[in-house]
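Scroll down for the structure; my scribbles are underneath it.
What follows is calculated from the coordinates using simple rules that are stated; it is not laboratory data. No experiment lies behind these values; they were computed from the predicted model shown. Counting neighbours? That spans all protein chains shown, and the Cβs are built from the backbone with ideal geometry, glycine included.
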Amino acid sequence: MGSVKKIPLRKCIGCGEMKNKKEMMRVIRTPENQVTLDVTGKKNGRGAYLCFSRDCLAKAMKNRGLERSLKIAVGQDVFESLERELDAIESKS
């Protein structure tokens, strides 16, 4: 009998949809309280997941999902930085 490998699912803080964690981007709060994008998915810190979509980023900003998940106040500059990084990722693919 073959074993079925479990696929880790994560919930998008923007749209609330459950997806494979490799299909999402991870935003982390580092121990120094910096909010950054974790491309590897392995960096140390408290993480939150978002779909690779501007809509989800906008929803997370509107409903304060990122602040709630990371348990820290997130400024407008952080969202602008995440948008730039999302643009860079989209232009590569």
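Being of a type in the set (Gly, Ala, Ser) and surrounded by 15 or more Cβ atoms within 10 Å (Cβ to Cβ) is the filter; apply it to region 42-93 and report the residue that is nearest to the chain's Cα centre (by Cα).
Applying the filter and picking the extreme gives ALA48.
Name the residues in region 39-89 that are over 19 Å from GLU17 (Cα atoms) and small (Gly, Ala, Ser), would you?
Result: GLY45, ALA73, GLY75, SER81, ALA88.
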